[in-house]
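The values are calculated or read from the model by the stated rules, or taken from the named source; none is laboratory data. All values reported here derive from a predicted model rather than from experimental measurement. Quick reminder, even Gly has a Cβ in these numbers, built from the backbone with ideal geometry, and neighbours come from all protein chains shown.
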Amino acid sequence: MKTAEYIKKFTEMSNLDKEDTEFSHGTIFISNMDSSHSARVKFYRGLPKKGSDNSIISISKNPEIIHDPLNMTKKEKEEVFKFIKLNYIKLMTFWIRGEELLSSKFIKSLIKINQ
């Protein structure tokens, strides 16, 4: 893969861990609309790994669970929903323009759930 292709692929997605979100545990995966699905995030209890289970939550002002094979706990839902609501505009901007954004600046701009 050429360097430019790698950089483009990197900015099409981003993993946000506890340091970025202040969740009690877990990781949020976001991608941009080059994907073939609606605006959403994936929640992983640990680090995202190929084939590992995740729950899918819509990016909206009133987030909804789209698919929940993890059977998310009440606390996990509260944390993920709060994060999405606090960062709705930023997450939608990433969804629409992700490949134009610098991931490090985008991640630093996010509001953590305990701020």
Exercise. Which is touching a strand residue (DSSP E or B) at 6+ places or on another chain (Cβ under 7 Å) and in contact (Cβ under 8 Å) with a residue 24 or more places away in the chain, of 31, 60?
Worked result: 31
Exercise. With (1) in contact with a strand residue (DSSP E or B) (Cβ under 6 Å, 6 or more places away or on another chain); (2) part of a helix (DSSP H, G or I) as the list, and residue 85 as the residue in question, which single condition is left unmet?
Worked result: (1)
For this session: Kindly indicate which of 84, 89, 107 is closer than 23 Å to residue 46 by Cβ, of a type in the set (A, V, I, L, M, F, W, C) and modelled with pLDDT of 90 or more.
Result: 84
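For region 1-65, give me every one of the strands (runs of 3 or more DSSP E) that falls completely inside it and has 1 or more residues that are under 12 Å from the mean Cα position of the chain (by Cα) and modelled with pLDDT under 90.
Numbers: elements: 13-16, 27-31, 40-44, 55-58.
Output list reads 13-16, 27-31.
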Exercise. When you go through 60, 38 one by one, which is the residue that is exposed (fewer than 15 other Cβ atoms within 10 Å of the Cβ), farther than 19 Å from residue 20 by Cβ, out of contact with any Asp or Glu (no Cβ under 7 Å at 6 or more places or on another chain) and not basic (Lys, Arg)?
Worked result: 38
Exercise. So which residues in region 66-88 are under 13 Å from the mean Cα position of the chain (by Cα) and surrounded by fewer than 13 Cβ atoms within 10 Å (Cβ to Cβ), if there are any at all?
Worked result: none
